[in-house]
Amino acid sequence: MDNGPWYSKQESSPLKLSRNASITSPRRMDNSELKLIREYNSQVSIPEHQILSFDHLLDEINFGKFQYWIYGIMALMSISEGAQITIFTLMVPILKNEWHISDSLNSLQASFVFVGYLVGSMLSGQLADRVGRKKPFLISSFFTCLLSLGTIACQEIYSLLTVRALLGILVGLFAPCGVTMISEITPGHLRGRYMGLITLTFAIGQLFGLFVAEYTLISLDEGNWRLLTFWCCLPGFLAWFISLFWLRESPRFALLSGQKDLAYNIIEEMIKSNKSSIQFTDDMKIKLSNWTHAMNRIAKNQNNASIMSLFENNRFFLTILIWFNWFILSFVYYGIVLLLPDILSHIEQTQTGRDKIIQLVISCISDILGAVAAAFFIEIKGFGRKNSLIIFFTIQALTALMAFYDIEHHFIYWATASKFFLSMTFIFSFQYTAEVYPTKIRTTGIGMANGIGRLGGVIMPWICMYMNSQQLRSPFVLFSVLSVITSFSNCFLPFETLGKELE
């Protein structure tokens with residue numbers, strides 16, 4: 001009986017589609033797997049036992065030092081992004097007093113940021129799905145850090161508006177690249193949980209911004225916002241510096257874009273860094289090359305890196321639902337983030353500035369707890385990605401409604417609960433979007449979903465700040481209605497991605 005290496009066992013067994021499943025496995029396979037099988041059988045002349053999928057190889061190499069470094073880089077950039085959101089929201093009342101800015105200009109400032117993010121997200125997909133994930137990330141993250149520091153030099157609102165718009169473009173460039181990168185280097189059986197945990201670093205960034213604000217601001221409407229900005233830029237610079245030495249191209253992208261030697265070198269480095277017992281032999285390279293050929297042959301003339309490709313092959317309805325989901329998520333989440341300091345300054349007038357910052361800190365901690373909870377639910381059968389979106393959007397709608405109807409003293413508790421459930425739905429949405437599109441258009445899919453989501457952020461300030469000026473807390477009624485509609489729309493997502501192998 002042959003006792004050779006693990007991969008040689010494929011010679012006498014069906015093609016492995018995931019860690020625990022094969023074509024003949026009794027496990028019920030999702031539609032994408034069945035479609036892949038049919039396409040392999042009808043289009044590819046290579047015997048199935050001569051094919052080694054990248055996901056199978058990644059599962060065997062497992063998670064280790066190689067991934068830790070890249071996750072660390074993305075975590076630091078996410079912390080920096082979260083801190084910048086804190087700066088932005090805290091600067092709204094401060095600049096209103098310091099520069100005597102009207103509500104309409106503050107709304108315009110928020111819109112500029114999200115318009116920039118939309119533009120950056122659209123560019124990100126086109127760049128990353130053509131030239132790779134690494135270069136766009138390195139360049140955009142560096143200039144993001146520089147421009148963040150550049151806001152310190154702004155002396156009036158119009159120069160700040162310009163810098164904010166450019167910052168939005170750059171963040172829109174690097175964020176989808178980062179999400180795509182970690183989704184493509186994480187083993188399938190860990191992808192949902194680990195990507196869920198990395199998302200909580202955005203909330204940690206917001207918390208970091210509030211921690212710095214405690215020592216740089218006098219109150220929620222007065223203080224040294226320039227010093228606050230300086231300290232909050234440091235995690236981004238650290239991430240960029242580390243990425244110069246440890247960031248690698250996505251080996252999956254390198255394989256599917258014809259850069260086989262680069263991909264093999266990265267895989268060998270991954271095996272060595274993770275101290276895996278796998279021997280990456282020439283035979284395995286041939287089988288992996290066969291998989292690459294098969295996947296590219298299937299995708300030929302179908303999955304070009306363009307926006308229109310998101311609507312091809314029965315993806316039209318799917319893409320529309322994903323975009324709507326992201327649009328409402330951004331509208332509601334950033335609406336709460338933007339309004340929270342202003343509402344607290346009106347309903348808690350007897351509290352000190354420090355007390356109000358502590359309340360914002362508690363609100364940010366709820367985001368972290370939400371991310372941890374999402375990482376738990378996302379891999380549970382019956383919850384997964386799709387069902388979790390439906391369930392937790394509904395619960396969030398109830399908490400938003402209570403934030404309006406309950407007494408003012410309880411507002412912060414209900415608003416914090418809303419953020420808790422929204423942070424969970426953000427993770428479910430990120431994960432679903434990252435898994436539902438093929439490799440060649442994955443960054444385009446994530447970038448466009450993110451960008452369309454930011455359109456919600458563009459119109460949000462004009463609607464929410466006006467409603468809030470007419471009746472305090474009234475935007476939360478709108479948030480509740482929109483969340484119920486989104487929960488219902490998610491029922492029509494065509495399939496669950498829990499356990500789905502990336503295409």
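The values are calculated or read from the model by the stated rules, or taken from the named source; none is laboratory data. Just so we're clear, the structure is a prediction, and the values are computed from it rather than from any experiment. Cβ: placed from backbone, ideal geometry, glycine included. Neighbour counts: every protein chain shown. Surface areas here come from the heavy atoms of the whole protein model, side chains and all, with no ligands, DNA or RNA. Shrake-Rupley method; radii C 1.70, N 1.55, O 1.52, S 1.80 Å.
Annotation: for a label point projected 7 angstrom from Cα along Cα→Cβ of Ser219, residues of the stretch 352-386 with backbone N closer than 17 Å are 352-360. Peptides 401-407, 334-340, ordered by how many other C-beta atoms sit within 10 Å of their residues on average, highest first, read 334-340, 401-407.
Under a model in which nothing but the beta-carbon of Lys, Arg (+1) and Asp, Glu (-1) is charged, the stretch 351-503 shows a dipole of about 200 debye around its Cα centre. Note: the chain, Cα convex hull, 129 Å³ per residue. FRET efficiency for the pair Phe492 and Met308, taken as 1/(1 + (r/R0)^6) with r the Cβ-Cβ distance and R0 = 22 Å, rounds to 0.50.
Computing FRET efficiency as 1/(1 + (r/R0)^6) for Ile463 and Leu227, where r is the C-beta to C-beta distance and R0 is 41 Å, gives about 0.80. Taking Cα centroids, how far is the stretch 449-496 from the stretch 116-140 in Å? Value for the Cα centre distance between the two parts: 26 Å. Which of rounded, prolate or oblate describes the stretch 221-311 when judged by the alpha-carbon gyration tensor and an a/c cut-off of 1.5? It is oblate, given that a/c is not under 1.5 and a/b is not larger than b/c. The listed peptides 370-377, 440-447, 166-173, 148-155, ordered by packing as a protection proxy, come out as 440-447, 166-173, 370-377, 148-155 (highest mean of other Cβ atoms within 10 Å first). A 1.4 Å probe run over the chain, with the rest of the protein chains in place, finds 39 Å² accessible per residue. Membrane-span-like helices of the chain, defined as complete DSSP H segments with a Cα extent of 15 Å or more along the helix axis and a mean Kyte hydropathy of at least 0.0, are identified as 65-98, 103-131, 134-150, 157-185, 188-216, 225-246, 316-347, 353-377, 386-405, 411-436, 442-470, 475-490.
Checking the Cα-Cα distances for Lys134/Lys419; Lys65/Lys135; Lys285/Lys381; Lys287/Lys440; Lys419/Lys440; Lys272/Lys381 against a 28 Å cut-off, the pairs over it are Lys134/Lys419; Lys285/Lys381; Lys419/Lys440; Lys272/Lys381.
This model, with +1 at the C-beta of Lys and Arg and -1 at the C-beta of Asp and Glu, gives the chain a dipole about its Cα centre of some 920 debye. Once C-alpha pairs closer than 8 Å and six or more residues apart are averaged by separation and normalised to the residue number of the stretch 210-368, the relative contact order reads 26 percent.
Close amide H partners of Gly223, meaning residues 5 or more places away or on another chain with modelled amide H under 5 Å apart, are Ile218.
At an R0 of 25 angstrom, the distance between the Cβ atoms of Gln155 and Ser345 translates into a FRET efficiency of 0.50. Specify the inter-centroid distance of the stretch 204-275 and the stretch 306-378, based on alpha-carbon positions, in whole Å. Measuring centre to centre over Cα atoms gives 21 Å. Given a cut-off of 15 Å, what percent of all Cα-Cα pairs of the stretch 110-162 lie beyond it? Everything past 15 Å amounts to 58 percent.
The chymotrypsin sites (Phe, Trp or Tyr not before Pro) of the stretch 418-503 meeting both criteria, a DSSP state outside H, G, I, E and B (loop) and at most 14 other C-beta atoms within 10 angstrom of the site's C-beta, are Phe492, Phe495.
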